1. Given a Förster distance of 30 Å, report the FRET efficiency between Phe149 and Ser35 from their Cβ-Cβ distance, rounded to the nearest 0.05.
2. If each residue of separation counts as 0.36 nm, what is the full-extension length gain between Met92 and Glu139 once their alpha-carbon separation is subtracted?
3. Can you put Phe88, Phe108, Phe149 in order of Cβ neighbours within 10 angstrom, beginning with the fewest?
4. State to the nearest 20 debye the size of the charge dipole of the range 27-150 about its Cα centre, where the only charges are +1 on K and R beta carbons and -1 on D and E beta carbons.
5. Could you tell me which residue out of Phe149, Val85, Leu34 lies farthest along the dipole of the chain toward its positive end? Charges go on the beta carbon: Lys and Arg +1, Asp and Glu -1, centred on the Cα centre.
6. Counting only helical runs of four or more DSSP H residues, what would the 222 nm mean residue ellipticity of the chain come to if each run contributes -39,500 (n - 2.57) and the total is spread over all its residues?
7. DSSP loop GluC sites (Glu not before Pro) in the range 71-143 with at most 15 other Cβ atoms within 10 Å of their Cβ, which ones?
8. What order do you get for Thr121, Thr102 when you list them from fewest to most C-beta neighbours inside 10 Å?
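Readers should treat all values here as calculations from the given coordinates under stated rules, not as data from a laboratory. None of these values were measured; they are calculated from a predicted model. Because the Cβ atoms are built from the backbone with ideal geometry, glycine has one as well, and the counts that use them run over all protein chains shown.
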Amino acid sequence: MSRRSSRPRQTSATSTRIAPVTALAPASPCPCGLSATYADCCGRLHAGAAAPTCEALMRSRYAAFVVQDAAYLLRTWHPDTRPSVIDFDPAMRWVRLEILATTDGSAFHTTGTVTFRAHYTDNGRPDSLHEQSRFVRHEGAWVYSAAVFAD
Ligand SMILES: [Zn+2]
């Protein structure tokens, strides 16, 4: 999920924001779609727990877009492809994540892919991002490398 953050922007007003700006109660349903609370699901990863699989990292990165945790997105992005800042689009609201397929990406692998559709609204207009993301291990931890395809 990098397309939106790499799109040129007219304003840089939000680009220096680091701390999460969208509060999410620990007991809230996790935005990634699993039937767990945010605290027990992606919130654990945002707080520092390691993602066991590429899918878990993908879910937690989607959830980080929801809560606008730029620091988490940056530290789970491979340094070779990581942008200098995460630029959240204030007109976007992430609605729902669908995981469509995964390859490799378990404790026994060093690479993996996750194909997903992330639903959002842009100024209230429903749209979605369909992407296959590639993940690699970097210093032992899963990190997002790049989009294999995105449409
Ligand atoms: Zn989650």
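1. On the way: r = 29 Å, r/R0 = 0.98.
That pair, Phe149 with Ser35, gives E of 0.55.
2. Going from the current span to full extension adds 13.7 nm.
3. Phe108, Phe149, Phe88
4. Numbers: 11 positive and 12 negative charges, 23 e Å.
For this selection, approximately 120 debye.
5. Val85
6. On the way: 4 runs with 29 residues, N = 151.
One gets -5000 deg cm²/dmol as the mean residue ellipticity at 222 nm.
7. Filter output for the range 71-143: Glu139.
8. Result, fewest neighbours first: Thr121, Thr102.
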